[in-house]
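Below is one structure; the comments refer to it alone.
The values are calculated or read from the model by the stated rules, or taken from the named source; none is laboratory data. The shown structure was predicted, so the numbers you read here are calculated from the model rather than taken from an experiment. No Cβ is skipped: glycine too gets one built from the backbone with ideal geometry, and neighbour counts run over all protein chains shown. Only protein heavy atoms, including side chains, enter the accessible area calculation; ligands, DNA and RNA are left aside. Shrake-Rupley method; radii C 1.70, N 1.55, O 1.52, S 1.80 Å.
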Amino acid sequence: MVVIMIDMNVQETYDVINAIESNPKHYEKGLFYKMQYVYARRSDEIANLKVGDINFDNGCIRFTIGKKRSEKAPTINLNLIPELRDELMHLIEMKGLDDDDFLFIDNEDSKESYKSNLRNYLRRNIESITMETIGKKIRIGTHGFRKLRGQHLLNNGVGIEKLQKLYQHEDVNTTMIYLEVEETQINMVLMDDADRPLMKLQ
């Protein structure tokens, strides 16, 4: 199998997302993509967030795992990083939201159309945005941000077992397959040593 890696490092990824956020018309989209990247969450898990899921005092955010919110659905509590704290507070204030309101969607019925809008925006615009921002013509979808985060963490030395917990996979092999671990690591060796690409594999 040939693996085509998304050719964006951590800084480039933030640069691209920040470029989207810098346009007031698309600020909310950029924040959604940033949360997908930072927390490696599915689109549904971001869309299901309510204001009450964020504890600004304790600095944590609670995600419902899976596609639907319910009392029995599993959750994961993650740290609220300072940059996102300020941006989420800005979004809540801008939209005049209360604790029971969804952060991004109006209601459950609007979730699919909202996600479709996010996908279509990237499909139409991402290549021109990446070219203008980082000098590369790159195609990435909403789910790509979730996957890219794990590959970046893996390449920075985070163990696969920790990534399994982050992704909430039942089996570590699922995480390895999802992140294309062997192919990712080999490709990173090749990119790190482009002049002598096979030396580290001998």
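Below are the figures for this structure:
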{"read-out": "Cα-based reach from K67 at 18 Å (exclusive), listing aspartates and glutamates while leaving out same-chain residues under 8 positions away", "value": "D44, E45, D53, D101, D106, E108, D109, E112, E170"}
{"read-out": "Distance histogram for the chain (every C-alpha pair counted, 10 angstrom bins, percent rounded to whole numbers)", "value": "8, 33, 36, 18, 5, 1"}
{"read-out": "Rounded to 10°, Cα long-axis angle of helix 10-21 versus longest principal axis of the chain", "value": "40"}
{"read-out": "Accessible-area composition of the chain, carbon plus sulfur, in percent [1.4 Å probe]", "value": "48"}
{"read-out": "Surrounding net charge for R62, when Lys and Arg each add one and Asp and Glu each subtract one, Cβ distance under 14 Å", "value": "-2"}
{"read-out": "Inter-centroid distance (Cα atoms) of the range 9-88 relative to the range 95-150, Å", "value": "11"}
{"read-out": "Pairs from K72/K95; K50/K136; K34/K95 whose Cα-Cα separation, in the structure shown, is over 27 Å", "value": "K72/K95; K50/K136"}
{"read-out": "Among 75-88, 17-30, the order from most to least packed when residues are scored by Cβ within 10 Å on average", "value": "17-30, 75-88"}
{"read-out": "Difference of contour (0.36 nm per residue) and Cα-Cα distance, I65 to E112", "value": "15.2 nm"}
{"read-out": "Nearest 10 degrees, 0 to 90: helix 142-155 Cα axis against the chain principal axis", "value": "50"}
{"read-out": "Using alpha-carbon coordinates, inclination of helix 181-192 to the longest axis of the chain, degrees", "value": "60"}
{"read-out": "With eigenvalues of the C-alpha gyration tensor scaled by 5 and rooted, the range 10-63, Å", "value": "21, 12, 11"}
{"read-out": "Residues of the range 49-134: accessible area per residue with a 1.4 Å probe, Å²", "value": "62"}
{"read-out": "Cα gyration tensor, the range 31-151 - rounded (a/c under 1.5), prolate or oblate", "value": "prolate"}
